[in-house]
Amino acid sequence: MKILITGSAGFIGFNLAKKFLTKKNIKVFGIDNINNYYDVGLKKKRNNLLKKIKNYTFKKIDIRDNTKLEKIFKKEKFDFVFNLAAQAGVRYSIDHPREYVENNILGFYNIIENVKKYKIKRLFYASSSSVYGDNNNYPLNEKQKIYPKNMYALSKKINEEISSIFNEYYQVKMTGLRFFTVYGDWGRPDMMMVKFIDSYYKKKLFKLFNFGKHVRDFTYVEDVTNILYLLLRTHKKLPNNDILNICSNDPINLEEIIKFMNKNGITPKVKKVTLQKADILKTHGDNKKILKYVKYKKFTHWKAALKKTITWYQQNMI
C-alpha cells in the first residue's frame, strides 16, 4: 500500500507518517514545501527523522504547483492520500488572507483534481474545529451549522464544500477531518502547549490571550494518529463523503493547563492580554461519530500527554 502525505514535515503529517511507517505493508511518500511560517529547522528535524526510516520517500513540492504535483501522482500510483498541507494559524490569517486562498483553497483543489484523475481509493483531508466558529451548542457535532469567523476557518469550510461537489459529480471518495487543538511531541511552536514550554526555556514573555479564559478540546497527537490509522483500515466501511470530528471530548481551561505546567517546572513570565479578534472562546467536540467507526476508547489523559510533551521538548529542543 502506498500513501501520499502532504505536509509530511508538519506536526500532524510527521506524526502520521511515523505511525504508518511502523506497518510493514505501508510505504509513505511525503511532500512539503517547508515554508517559514514557523521554524524551518524544526520541520527539517522532523523530516530528517523520517528519512532514516525504510519505506519513506520525500520530495520538496508546493501543492500550489500543479505541474510538479501531477507528475508525482502519475508516477507513484498512490492508493490513498492524506492531505495535511495547509497554511495554518488563525491569528496569522488576519494579516495574510491571500496565503489561505492560495494554499488552502487553490492548493487543495490541485490535490482533489489529481485524486479524481488518478483514481485514488480515498482522500482524507484536514479540516478544522475552527469552522464551527463561536457556536454555543456544546458538544459540537458534525450536523450543526458552521460559522467560520476568519480566513483560515473559511478556507476549511470551502474545502468541505469542494469535496461534496467532487463526490456528487465525480464519485470521489473523501473523508474530512475536523481536528480539535492537536498537541504533543514535535508540536507547532506557535500553538499554546509548545509555545508555553518554549517561552520558559528561551526566556521569552508568554502572552496569555483573553486572560487565560479560553477553553479548548485538546487532543493528543498520538490519539489522532491512532484514529487515522484505524480509519484507513476500515475505509471500505466509511461513507463515500463524510465529515468527522477528531477530538477527545474533554475540554480544558487554559488556566488549568498552566497550573499543571508550573507544577512541572515550566514557569515562563506571563502577560495576560485581552481577547484576540480572530480567536474562538471555546471548543468542545462531540466524538460519538468517529468512535462509531473506529471504536477508539483509549484517549490519553491530558496530564500524562503533557508530561510526555515536556519530556520530548527537553530531550530534543534544548
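The values are calculated or read from the model by the stated rules, or taken from the named source; none is laboratory data. What you see is a predicted model, and the numbers here were worked out from it, not measured in a lab. Because the Cβ atoms are built from the backbone with ideal geometry, glycine has one as well, and the counts that use them run over all protein chains shown.
Say whether the condition of being buried (at least 23 other Cβ atoms within 10 Å of the Cβ) and in contact (Cβ under 8 Å) with a residue 12 or more places away in the chain is met by at least one residue in the stretch 199-211. Looking through the stretch 199-211, none of the residues is buried (at least 23 other Cβ atoms within 10 Å of the Cβ) and in contact (Cβ under 8 Å) with a residue 12 or more places away in the chain.
Within the stretch 271-288, can you find the residues that are over 23 Å from Glu255 (Cα atoms) and touching a strand residue (DSSP E or B) at 6+ places or on another chain (Cβ under 6 Å)? Listed by number, the list holds a single entry, Asn287.
Would you tally the residues in the stretch 6-22 being in contact (Cβ under 8 Å) with a residue 24 or more places away in the chain and within 16 Å of Arg233 (Cα to Cα)?
Going residue by residue through the stretch 6-22, those that are in contact (Cβ under 8 Å) with a residue 24 or more places away in the chain are 6-21.
In the following step, the residues that additionally are within 16 Å of Arg233 (Cα to Cα) were identified as 16-17, 19-21.
Within the stretch 6-22, residues that are in contact (Cβ under 8 Å) with a residue 24 or more places away in the chain and within 16 Å of Arg233 (Cα to Cα) number 5.
Leu230 fulfils the conditions (1) buried (at least 16 other Cβ atoms within 10 Å of the Cβ); (2) at negative phi; (3) within 21 Å of the chain's Cα centre (by Cα); (4) not polar (S, T, N, Q) except for a single criterion, (1).
I'm trying to understand the selection: among the residues of the stretch 111-123, which are touching a residue at least 24 places away in the same chain (Cβ under 8 Å) and surrounded by fewer than 19 Cβ atoms within 10 Å (Cβ to Cβ)? Can you show your working first?
Initially, the stretch 111-123 is screened for residues touching a residue at least 24 places away in the same chain (Cβ under 8 Å), giving 111-118, 120-123.
Selection gives Glu113, Lys116, Lys117, Tyr118, Lys121.
For the stretch 3-57, the set of residues classified as at pLDDT 95 or above, farther than 21 Å from Asn226 by Cβ, basic (Lys, Arg) and over 15 Å from the mean Cα position of the chain (by Cα) consists of Lys44, Lys45, Lys51, Lys52, listed by residue number.
Got at least one residue in the stretch 294-303 being within 29 Å of Asn137 (Cα to Cα), in contact (Cβ under 8 Å) with a residue 24 or more places away in the chain, in contact with a strand residue (DSSP E or B) (Cβ under 8 Å, 6 or more places away or on another chain) and aliphatic (A, V, I, L, M)? No, the stretch 294-303 contains no residue that is within 29 Å of Asn137 (Cα to Cα), in contact (Cβ under 8 Å) with a residue 24 or more places away in the chain, in contact with a strand residue (DSSP E or B) (Cβ under 8 Å, 6 or more places away or on another chain) and aliphatic (A, V, I, L, M). Among the residues of the stretch 178-233, the one identified as modelled with pLDDT under 95, within 19 Å of Tyr132 (Cβ to Cβ) and of a type in the set (Phe, Trp, Tyr) is Phe209. Taken over the stretch 137-179, the criterion of being of a type in the set (A, V, I, L, M), within 19 Å of Phe80 (Cα to Cα) and touching a strand residue (DSSP E or B) at 6+ places or on another chain (Cβ under 8 Å) is satisfied by Val172, Met174, Leu177.
Can you work out which of the residues in the stretch 253-285 that are under 20 Å from Leu154 (Cβ atoms) and not aliphatic (A, V, I, L, M) is modelled with the lowest pLDDT? Step by step, filter the stretch 253-285, then rank; the result is Lys277.
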